[in-house]
Amino acid sequence: MKKELFLIFGDPVSHSKSPIMHNNTFQEFGVSACYSRYHLSNGSELKKKILSLGISGCNITVPHKEEAFLACDWLDNFAKSVGVVNTIVVKDEKLYGYNTDALGFLKAVYGFKGKRVIFLGAGGTAQSTAQILKQNGYDVTIANRSEKRLDYFRKSGFKTFLYKDLKEFNYDLVVNMTSAGLYDDSLPAPKSTLISLLKDANGVIDVIYRRTPFLKMAQDLGIQTKDGSDMLIYQGAIAFEYFTNHKYGFDEVEPIMRKALTL
Ligand code: NDP
């Protein structure tokens, strides 16, 4: 039987734990498929690469999720509304795009108290997750270090700020949606801004799946925290459902992926 190939495209991509999660799940279910990483610098080449490599599907990580949206021939309604794709299924040389980050993030937020949320960061992941929170009754404010990416959020009706212009700091949940801390020990925003935000916060989520300096700051203050592992597992389990045409359900995939992360 032909072995199907799935990839994760990104730049950087070496940090991704998606291969271990998907490969263990394929193995557990006896699916003849494997999942690997592909370092792609130029996102505009995504479609050409997907088709020339003959893969069955892929995930897309930083910074190509908007390019992935543009590459698709068909989009599910949520992906269409947010302009960001992180999961693609290939059928008959056509690319079908989905966004599983957002639902994964929403599931990860359950368990935190309060609906006033501030995102630090305004990239592709913030775009989809802010929309799903809004659709579920959260009041989301977006802050970023630079202006350009705030445009999308302003036009979509979110309150937006540059860090230097933040004057109010009363949010229940503070979320690091940047890539600060992914490879280095940098903080997502100026330290003084973070200190002010953490004073009133009940919870902190960092979408990066390691103990970043920001997460450590919040833990030292005794605030409830969560790193990006739950979001990673949930978005991966939903993507797996698409990759296997829903042959396997979320509830059976999720524990296998969770266990894979401990290996
Ligand atoms: P993008 O490249 O689209 O956006 C990056 C954002 O981070 C921008 O707002 C950018 O600001 C900001 N940023 C980057 N570096 C710094 C820095 N040193 N200091 C302050 N701000 C910075 O990335 P994505 O939105 O796709 O991903 C964001 C994060 O989410 C990544 O860390 C990624 O690993 C993580 N992620 C985790 C997932 C999970 O399952 N746990 C799933 C998806 C993503 P500017 O606009 O000024 O450049």
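Conditions (1) open to solvent by 60 Å² or more (accessible area, probe 1.4 Å); (2) more than 19 Å from the chain's Cα centre (by Cα); (3) of a type outside the set (A, V, I, L, M), marked per residue:
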{"position": "MET1", "(1), (2), (3)": "yes, yes, no"}
{"position": "LEU7", "(1), (2), (3)": "no, no, no"}
{"position": "HIS15", "(1), (2), (3)": "no, no, yes"}
{"position": "SER18", "(1), (2), (3)": "no, no, yes"}
{"position": "ASN24", "(1), (2), (3)": "no, yes, yes"}
{"position": "PHE29", "(1), (2), (3)": "no, yes, yes"}
{"position": "SER36", "(1), (2), (3)": "no, no, yes"}
{"position": "ASN42", "(1), (2), (3)": "yes, yes, yes"}
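Name every residue in the stretch 202-241 that is away from the ligand (no atom under 15 Å from the Cβ), assigned to a helix (DSSP H, G or I) and touching a Gly at 6+ places or on another chain (Cβ under 9 Å), in order of residue number. Once the filter is applied, which keeps residues that are away from the ligand (no atom under 15 Å from the Cβ), assigned to a helix (DSSP H, G or I) and touching a Gly at 6+ places or on another chain (Cβ under 9 Å), the stretch 202-241 yields ALA218, GLU241. Restricting attention to the stretch 232-255, the residues being among the hydrophobic types (A, V, I, L, M, F, W, C), in contact (Cβ under 8 Å) with a residue 24 or more places away in the chain and either touching a Leu at 6+ places or on another chain (Cβ under 9 Å) or open to solvent by 30 Å² or more (accessible area, probe 1.4 Å) (or both) number 3. Tell me whether the stretch 100-107 contains one or more residues that are at pLDDT 95 or above, among the acidic types (Asp, Glu) and open to solvent by 60 Å² or more (accessible area, probe 1.4 Å). No: zero hits. Condition check: β-branched (Val, Ile, Thr) and out of contact with any Gly (no Cβ under 8 Å at 6 or more places or on another chain). Does ILE88 satisfy that? So ILE88 fails the test. VAL90 falls short on exactly one of the conditions (1) assigned to a loop (DSSP other than H, G, I, E, B); (2) in contact (Cβ under 8 Å) with a residue 40 or more places away in the chain; (3) open to solvent by 10 Å² or more (accessible area, probe 1.4 Å), and that condition is (1). The set of residues in the stretch 148-167 being under 21 Å from the mean Cα position of the chain (by Cα), near the ligand (Cβ under 9 Å from one of its atoms) and not basic (Lys, Arg) consists of LEU150 alone.
Of all residues in the stretch 36-64, those being part of a loop (DSSP other than H, G, I, E, B) and either of a type in the set (S, T, N, Q) or touching a Phe, Trp or Tyr at 6+ places or on another chain (Cβ under 8 Å) (or both) number 7.
All conditions in (1) open to solvent by 20 Å² or more (accessible area, probe 1.4 Å); (2) part of a helix (DSSP H, G or I); (3) more than 26 Å from TYR183 (Cβ to Cβ); (4) without any contact (Cβ under 8 Å) to a residue 40 or more places away in the chain hold for PHE69, with the sole exception of (3). The single condition from (1) open to solvent by 50 Å² or more (accessible area, probe 1.4 Å); (2) touching a residue at least 40 places away in the same chain (Cβ under 8 Å); (3) under 25 Å from THR61 (Cβ atoms); (4) away from the ligand (no atom under 11 Å from the Cβ) that TYR110 fails is (2). Does ASN170 satisfy being among the polar types (S, T, N, Q) and away from the ligand (no atom under 15 Å from the Cβ)? When the stated conditions are applied, ASN170 passes them.
The values are calculated or read from the model by the stated rules, or taken from the named source; none is laboratory data. The shown structure was predicted, so the numbers you read here are calculated from the model rather than taken from an experiment. Quick reminder, even Gly has a Cβ in these numbers, built from the backbone with ideal geometry, and neighbours come from all protein chains shown. With ligands, DNA and RNA removed, areas are computed over all heavy atoms of the protein, side chains included. Shrake-Rupley method; radii C 1.70, N 1.55, O 1.52, S 1.80 Å.
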